[in-house]
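To start, the structure under review is shown below, and the notes come after it.
Every read-out reported here was derived from the displayed coordinates using simple, explicitly stated rules and does not represent laboratory data. Owing to the predicted nature of the structure, the values given are computational and were not obtained by experimental measurement. Cβ placement follows ideal geometry from the backbone for every residue including glycine, while neighbour counts extend to all protein chains displayed.
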Amino acid sequence: MESGELGVKSYEGSCLVFTLNSPLKTHNLLLEGLNMEKGYGQIIIESFVKALTWGVTLAVIFVISVKITLGMVKQDVKDTIDFAQKTAIHNAMNAVLSYDVFPKIKQNTKEAIEFTANTVDEQILRKHFSEKETSKKK
């Protein structure tokens, strides 16, 4: 076998031990994670742990990316909200204070105030006069 080739060194029970012949070092592939005696449960657990670590890593990267993006966009969003508020207020004021609508609103408000004042005044005066009349009769 030449230097750098993969070969079977020994047979130990139900597990083959592979070695890599190299002038620098002989690697035992059994110690490198190629154990043929792993059960399904151990394989599933190892795979789950690997997937979990990758998931956590990707979640951290995603959170950092979102924070950076929001940091760049934050001022633009504030400016957009301010512009929308100013535009909405301006349009509402134009609609309310337009020449056709404003006099009608003013007249309706005036009539509502007069009606309320008259109604309250009549009720208070009626009650007051009725109390005076009952006290004089006694």
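Tabulated data
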{"quantity": "Backbone HN-Hα couplings from phi across the range 103-116 [Karplus 6.51/-1.76/1.60, Hz, Gly and Pro as x]", "calculated": "x, 5, 5, 4, 5, 4, 5, 4, 5, 5, 5, 4, 4, 5"}
{"quantity": "Using θ = phi - 60° and Karplus 6.51 cos²θ - 1.76 cosθ + 1.60, couplings along the range 76-86 (whole Hz; Gly, Pro as x)", "calculated": "5, 5, 4, 4, 5, 5, 4, 4, 5, 5, 4"}
{"quantity": "Residue 98 versus residue 67: modelled label distance in nm, points set 7 Å from Cα along the beta carbon direction", "calculated": "5.0"}
